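Some notes on the structure that comes next.
The values are calculated or read from the model by the stated rules, or taken from the named source; none is laboratory data. Quick caveat, the model's predicted, so the values are computed rather than measured. Here the Cβ positions follow ideal geometry from the backbone for every residue, glycine too, while neighbour counts run over all protein chains shown.
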Amino acid sequence: MTDLIYFLKPEEHNNPSNLKNILENHPEIKFISLMGIDLGGNATDEKIPVSLFLEDIEGFLKSGVQTDGSSVVLPGIATLNNAKVDIMPDTTVNWFVDYNYNYVDENHKPVGTLKIPSFLIHNGKFVDSRSILVAATKNFEVSILEILKNNSAILENVGIDSFEDIEKINFTAATELEFWVKTPEDREDVEKLSTSQTLKEQYWKRTQGSVRTALEETMLLLEYYGLEPEMGHKEVGGVNSTIGINGKLNHVMEQLEIDWKYSSAIQTGDNEILAREVVGDIFRSHGLEVTFAAKPIEGVAGSGEHTHFGLSVTLKNGKVKNLFSPKKMTDDYMSIVGYGALMGILNNYELISPFVTPTNDGFNRLKPGFEAPVCTVCSLGHDAKTPSRNRSILIGLIRDMQNPLATRFELRAPNPLSNTYLVMASCYQGMMDGIVAFKDATDPRELEMELSKKAGEPAKYLDKNREYRTEEDIFEYYTDLERDDLFGKPPATVWENVKNFSTFGEKRSMLLRGDVFSDSVIESFRLAIIKQWKEELLHRIIPGHIEIVRECQQIHDIETSSDLDVVRWKKIIEIKHNIMKDSLEKKSLTTRLREALSEKEYDLASDLQLQLADTIKELKELYISYKRNLF
């Protein structure tokens, strides 16, 4: 393992002669793959022989390769009659070597593929997720430097004497990866999983057997790749496994989390993709299935991917100042820049949310009762001197009173399959919108008052009719009606989320600022997630629900049944008919949903999707009660 190269830093690969030398001295690296990220968050992967790459390294790095863009998620951009897309290498980030441990070469080393993070270019314009994030950080850097230059009070607020002392802006970000593992063909017992979760039997417990081996192997491999893993542990979901007659674990079903060190924004996105691939490869090599789905099991904790944002400056004397931390940590929660950035995300979240949660699976996770956020609201802490963590809110302020550099935001809504590049890009655009709104501010307490205002109180930037901060548990302290009234009613389906692009069209300029997003990219993204929403409903969700209906079979008999069994079964039959059985007088929910999608009546389809989900839940709960009463 130690003889292999796992990653190349920019200074190692941006010199063609040095890169050539590395590849010639490591013949186990036999392929090159350019990894562009489309608007759906999908990474391109292809096998280009190293021998071909070595023939013209400079030309390859300058021009990349061409591909058929109709095969990636760029609807409305790469069309059938204009599908050419260039994949251009990014020489500013780490490149990773992906090894195939099932294929050993003549030197007894696994065959490797050098994966090069890249950009996608169509008609001379960057159209991929990575390039949007790069543009967002560049726009942010230019804008924040202009603000710092023209407002000495903001500099003073973070402890910087002069604008001339600033060397550069630093964007730091990190994600946390949660996922479920299980042995193949095992089916979940929701009741057992729910009970185990309620009793907290799995959280932070010791891993065992193949799960422990795979977790430890993954952590070590991520270290080889330079991700600097900080922790791997069991999460709240799962049940105890059993040992089979062969001495191996059976019936494994556990939820895990792996964290690694923060990095730059673009490197964070690349690291996350690498981490998912490493986790998948290692756990599957130990006979365990892996899913990064946000809600793989209904009624049990889903998997989140909390995303952290930090912002600092490096001074010419080498010192680093956190732009979110006040000069004196005990005086205020945050700096002026910090308040503006946080309010920017909250005020613009209607247009950030589609990038954070663009899938049915993602919305299945965002429901009350599972520590997943459902309201656009933040938490700062009970007082400026005592940091706290409220796990019920959308975004929280993370502070360490002994370390001002640790001050950052934690966005809790993303899941492991969110497109992290677009999540971060839209958040940076939102942050800058808020910072610009308060670019002339001099007193952070005025910004704290606005962020902490009550519904109905006037505000310079935030919506007068809403609240944006609470230190309470939003699930326990407020009713559903109170939450919707105070913090705004959140979207419940993909369609409701994507409608925000038009419903809140006046905020669209936030995304377009600095030419970061374009109207064509936003429209392409919108088309992509609508198509995915429809296809999943038609070909996965509806068939899955129908299968549930068909599995609910009569199992009571006349001799042992009670009147309650008969009544319950009659109700079950009624619900089953409502879900999928058409008659001459009435169409079923599934038929009506199919027709609404076919006719592009998306408002109706969205409503029917929610009705269908509620009805399926009612059916499953009633069938469980029905079975419990039988001998």
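Quick rundown of the values:
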{"quantity": "Residue in region 572-586 that is farthest from the chain's Cα centre (by Cα), counting only those that are charged (D, E, K, R) and loosely packed, with under 14 Cβ neighbours inside 10 Å", "calculated": "GLU585"}
{"quantity": "Test: residue in region 151-158 that is touching a residue at least 24 places away in the same chain (Cβ under 8 Å) and over 20 Å from ALA406 (Cα atoms)", "calculated": "yes"}
{"quantity": "Which numbered condition PHE283 misses (of (1) touching a Lys or Arg at 6+ places or on another chain (Cβ under 9 Å); (2) buried (at least 22 other Cβ atoms within 10 Å of the Cβ); (3) under 25 Å from PHE96 (Cα atoms))", "calculated": "(1)"}
{"quantity": "Pick from region 388-434, criterion touching a helix residue (DSSP H, G or I) at 6+ places or on another chain (Cβ under 8 Å) and assigned to a strand (DSSP E or B), ranking: nearest to PHE126 (Cα to Cα)", "calculated": "LEU411"}
{"quantity": "Verdict on SER606 being loosely packed, with under 12 Cβ neighbours inside 10 Å and touching a residue at least 60 places away in the same chain (Cβ under 8 Å)", "calculated": "no"}
{"quantity": "Number of the condition not met by PHE309 [criteria: (1) free of Cβ contacts under 8 Å to residues at least 24 places away in the same chain; (2) outside any loop (DSSP other than H, G, I, E, B)]", "calculated": "(1)"}
{"quantity": "Residues of region 554-570 that turn out to be exposed (fewer than 14 other Cβ atoms within 10 Å of the Cβ) and in contact (Cβ under 8 Å) with a residue 40 or more places away in the chain, as a count", "calculated": "4"}
{"quantity": "Residues located in region 119-147, provided they are buried (at least 24 other Cβ atoms within 10 Å of the Cβ) and either touching a Cys at 6+ places or on another chain (Cβ under 6 Å) or in a strand (DSSP E or B) (or both)", "calculated": "LEU120"}
{"quantity": "LEU215, sole failed condition from (1) at pLDDT 65 or above; (2) surrounded by fewer than 14 Cβ atoms within 10 Å (Cβ to Cβ); (3) not in a strand (DSSP E or B)", "calculated": "(2)"}
{"quantity": "The one condition in (1) within 20 Å of ASN497 (Cβ to Cβ); (2) modelled with pLDDT of 95 or more that GLU410 fails to fulfil", "calculated": "(1)"}
{"quantity": "Residues within region 16-56 that are among the aliphatic types (A, V, I, L, M) and free of Cβ contacts under 8 Å to residues at least 40 places away in the same chain, tallied", "calculated": "5"}
{"quantity": "Region 381-397 residues that are without any contact (Cβ under 8 Å) to a residue 12 or more places away in the chain and of a type in the set (D, E, K, R), paired with ones that are surrounded by fewer than 19 Cβ atoms within 10 Å (Cβ to Cβ) and not in a loop (DSSP other than H, G, I, E, B) (beta carbon under 8 Å, 6 or more apart)", "calculated": "ARG389/ILE398"}
{"quantity": "Subset of region 466-512 that is touching a Gly at 6+ places or on another chain (Cβ under 7 Å) and within 14 Å of LEU346 (Cα to Cα) - its residue that is surrounded by the most Cβ atoms within 10 Å (Cβ to Cβ)", "calculated": "MET510"}
{"quantity": "Residue in region 267-281 that is over 22 Å from THR175 (Cα atoms), of a type outside the set (Val, Ile, Thr) and modelled with pLDDT of 95 or more present", "calculated": "no"}
